[in-house]
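As structure tokens, the structure follows; a few thoughts come after it.
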Amino acid sequence: MTENSLSTKTVGLIINPIAGMGGAVGLKGTDGKAILNQAIALGAKPIATQRAETFLAALSPARKSLNLIVGAGDMGQKQAEKCGFTFKVIGEAKGETTSEDTQTIAKAIVDVGVDLLVYFGGDGTTRDIMKSVGLNVPVLGVPTGVKMHSAVFAVSPQAAARVSVTYLWGNLPLREAEVMDVDEAEFRQGHLSARLYGYVLSPFEPHLIQGNKMASPMTENEVENQAAIALYVIEEMKPSFLYIVGPGTTTRTVGDLLDQKKTLLGVDLFQDKIIIAKDTNEKQILQAINGKPTRIIVTPIGGQGFIFGRGNQQISSKVIRQVGLDNIIVISTKSKLDRLESLRVDTGDTELDEQFRSNGFRVVVDYKTTREMKIE
């Protein structure tokens, strides 16, 4: 099918400009003005607009057959104009936007009538969309937040463009996707408890849409498996090397066996088997690893398979490039890996993500035991 033969479709586009700004600076979200101000003070930069441009660039081959209905200013208008799309603007441009703006624009877009509503944000933005749209219009999330537990997100901006085109002019089914979120204040204290808020209709393509996050079952076998993995990792730790250790119960077990209290949901730095910095952000990590031999230890998110780009944005593409792919150690219990067909990355750096996909990884699944996994 050529572009000229495509029927014209109307797509709504909403960007939450502040989504994801708390990730690299270690704040685990940007819900609330006080946290946003703190993120900015720590040097956080907007990422949602850039990822929107990545999405629109991937969607560009179909732009002559698309009419966009976009939020004003940084909520979609600027990006649509920059990428050469035909669009209609909803609302008025503001220097500072709120969740109420997202809800108001979403309602107005639904009133105009669209074939698909695409939004850029995290779980908080998803809740705003759900309040405004319900099950009336199909929606698709492009991951730009810190918390992305909901089952409505594409695995990357490029994947979101593919899903959009296939749904609009192909034959993708719709499903009722779970809208999940966590309490950010509790999250920052190391307590992770995701709550189901409701459902939205969303196109479903299992290889391009992430599932909702699944917690690891804390069975006796699981605990023993985590301990065996941690023991092997500890034995392999090299003197004077710096280790960047990501979030998760499996990585926390490394700290437990070293009698070091690792944060469950943060990124900690180890050297000579001692924690030298807790709950670090990107800037702190880059300063710490400068000129030092370093390795990264991460575990995939249960049910989703992401090793980078979800919940550990502090380990940014800059950090990964400085450390090198050969110095990344992925660890996972057998039960978690059995539920995954592949691992995933979404660093925001397209070239780096492609390097990951061409390499694959050997995952430590038990004491001196590894399993080869591809990366999508």
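The values are calculated or read from the model by the stated rules, or taken from the named source; none is laboratory data. This structure is a prediction, so every number in the text was calculated from the model and none was measured. All Cβ positions, glycine included, derive from the backbone under ideal geometry; neighbour counts span all protein chains shown.
Give, as residue ranges, the strands (runs of 3 or more DSSP E) completely inside the stretch 306-376 that count at least 1 residues that are modelled with pLDDT of 90 or more and either exposed (fewer than 15 other Cβ atoms within 10 Å of the Cβ) or not assigned by TED's automatic domain parsing to the domain that holds Thr253 (or both). Give the steps one after another, and end with the answer.
Numbers: elements: 306-308, 328-331, 361-366, 369-373.
Answer list for the stretch 306-376: 361-366, 369-373.
Taking the stretch 200-221 as the search range and keeping residues that are under 18 Å from Arg344 (Cβ atoms) and of a type in the set (D, E, K, R), which one is modelled with the lowest pLDDT?
Lys213
Condition first: within 26 Å of the chain's Cα centre (by Cα) and at pLDDT 90 or above. Now tell me which residues in the stretch 86-106 satisfy that.
Selection gives Glu100, Asp101, Thr102, Gln103, Thr104, Ile105, Ala106.
Given (1) within 30 Å of Gly302 (Cα to Cα); (2) small (Gly, Ala, Ser); (3) touching a residue at least 60 places away in the same chain (Cβ under 8 Å); (4) part of a helix (DSSP H, G or I), where does Ser132 come up short, assuming only one miss?
(3)
Residue-by-condition table, conditions (1) of a type in the set (Phe, Trp, Tyr); (2) outside the structural domain of Asp346 (by TED's automatic domain parsing); (3) within 30 Å of Ala151 (Cβ to Cβ):
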| position | (1), (2), (3) |
| --- | --- |
| Leu231 | no, no, no |
| Tyr243 | yes, no, no |
| Thr249 | no, no, yes |
| Asp256 | no, no, no |
| Gln260 | no, no, no |
| Leu264 | no, no, yes |
| Val267 | no, no, yes |
